[in-house]
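J.: Next up is a structure, given as structure tokens.
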Amino acid sequence: MDDPIGQAARQIEESRKGVPQIRAFFDDATNTVSYVVHDPETRRTAIIDSVLDYDAAAGRITYTSADAILAYVGEQQLTVEWLLETHAHADHLSAAPYLQERLGGKLAIGKAILTVQETFGKLFNEGTAFARDGSQFDHLFEDGDRFMIGNLAATVLHVPGHTPADLAYVIGDAAFIGDTLFMPDYGTARADFPGGDARTLFRSIRRLLTLPAETRLFLCHDYRAPDRDDYRWETTVAEQRASNVHVHDGIDEDGFVAMREARDATLDMPKLILPSIQVNMRGGHLPEPEGNGTRYLKIPLDAL
Ligand SMILES: [Fe+2]
């Protein structure tokens, strides 16, 4: 059996006829891009990295972003088979359970979510009621796994570094690469969360950059480079190799690690990291209500 990158590369070469239809939804509040990806022949669909709106000051959850996806799926008459997470996000709560309840489909993430559950289960001092076995998800993917969305072939690549559990989903000729690369003028994802590692991130990125040059890459975030005034989230392997400010061809591993670690040391924690991780380590499910019927999130002090 050949290696997962080889499989993914061949899938991209072969997928000229099965090009997925892709609709992006950009969330201004968290700079996150969610995707609805469907096979035009069968209208079978995957939703990737959906966002639940969360007002931290009020502790209030709303559904405007998720409802926009629901409306699109309805208009387009799509059948949702998968709710895919690229990783346990630290900057927004996932809307996957809300969408799954209304649309069906299987909720999936990478197998290394178990490591994330272990780390953050401890941080939040969760009791035994919080299972650290990934059972909050319907499916846990490993590197090289393959699946179908209608007639579209999909290959899973494990691309850790930002977190231990990051996945990229190669679907037809497109790759949804989570928090690895950002737009070429902005660079790469941070690697300083618990379980993150800059050297691992570099190796994952170099692996992604061995995909065919024309592969369409879809990003999880855009923060706009200083001299750009629009948000963008689509690029190609060729563009990244030629001009990504952090990892273009010619930048070596040690140089990248030194740059990434120095830059990460200057970054604040994302505003929603504590609510996000607490919910997303549960597959986007909220903590159980207490005796008075209210759900609570915990804020550990001096722990991050
Ligand atoms: Fe992230």
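J.: When you look at GLY110, is it small (Gly, Ala, Ser), surrounded by 15 or more Cβ atoms within 10 Å (Cβ to Cβ), at pLDDT 95 or above and within 16 Å of the ligand (Cβ to nearest atom), yes or no?
T.: Yes: the conditions hold for GLY110.
J.: Here's another thing I want to ask about it. From ASP229, ASP185, which residue is away from the ligand (no atom under 14 Å from the Cβ), of a type in the set (Asp, Glu) and either at pLDDT below 95 or farther than 30 Å from ALA265 by Cβ (or both)?
T.: The unique qualifying residue is ASP229.
J.: Just to be sure I understand the filter: pairs with C-beta atoms under 8 Å, separated by 6 or more residues or on different chains, first member in segment 271-299 and free of Cβ contacts under 8 Å to residues at least 40 places away in the same chain and within 20 Å of ALA57 (Cβ to Cβ), second member in a loop (DSSP other than H, G, I, E, B) and hydroxyl-bearing (Ser, Thr, Tyr). Which pairs pass?
T.: From segment 271-299, the pairs are PRO287/TYR296.
Per-residue answers, yes or no, for (1) closer than 12 Å to ILE48 by Cα; (2) of a type in the set (D, E, K, R):
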site	(1), (2)
ILE69	yes, no
LEU78	no, no
HIS92	no, no
GLY104	no, no
ALA112	no, no
LYS122	no, yes
PHE130	no, no
GLN136	no, no
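J.: Another question, then. Output the residue which, of all residues in segment 46-89 that are in contact with a helix residue (DSSP H, G or I) (Cβ under 7 Å, 6 or more places away or on another chain) and in a strand (DSSP E or B), is nearest to the ligand (Cβ to nearest atom). Give the steps one after another, and end with the answer.
T.: Residues of segment 46-89 that are in contact with a helix residue (DSSP H, G or I) (Cβ under 7 Å, 6 or more places away or on another chain), as a first pass: 47, 50-54, 56, 63, 66, 69-70, 73, 80, 83, 85, 88-89.
Filter again for in a strand (DSSP E or B), leaving 47, 51-54, 80, 83.
Details: ILE47: 17, VAL51: 12, LEU52: 15, ASP53: 17, TYR54: 15, VAL80: 23, LEU83: 17 Å.
Going through the qualifying residues, I end up with VAL51.
J.: If you don't mind, another one. In segment 16-33, what residues are crowded, with 20+ Cβ neighbours inside 10 Å and either more than 30 Å from TYR54 (Cβ to Cβ) or under 16 Å from the mean Cα position of the chain (by Cα) (or both)?
T.: ASP27, THR30, THR32, VAL33
J.: Now for a separate question. Take ARG10 and tell me if it is assigned to a helix (DSSP H, G or I) and modelled with pLDDT under 95. Give the steps one after another, and end with the answer.
T.: Working: assigned to a helix (DSSP H, G or I): yes; modelled with pLDDT under 95: yes.
When the stated conditions are applied, ARG10 passes them.
J.: So which of THR155, THR163, THR115 ends up being touching a Lys or Arg at 6+ places or on another chain (Cβ under 8 Å), among the hydroxyl-bearing types (Ser, Thr, Tyr) and in contact (Cβ under 8 Å) with a residue 60 or more places away in the chain? Give the derivation first.
T.: Details: THR163 fails: touching a Lys or Arg at 6+ places or on another chain (Cβ under 8 Å); THR115 fails: touching a Lys or Arg at 6+ places or on another chain (Cβ under 8 Å).
From the options THR155, THR163, THR115, the qualifying one is THR155.
The values are calculated or read from the model by the stated rules, or taken from the named source; none is laboratory data. Only a predicted model underlies this, so the values are computations on that prediction, with no experimental measurement involved. All Cβ positions, even for glycine, are placed from backbone atoms using ideal geometry, and neighbour counts span all protein chains on display.
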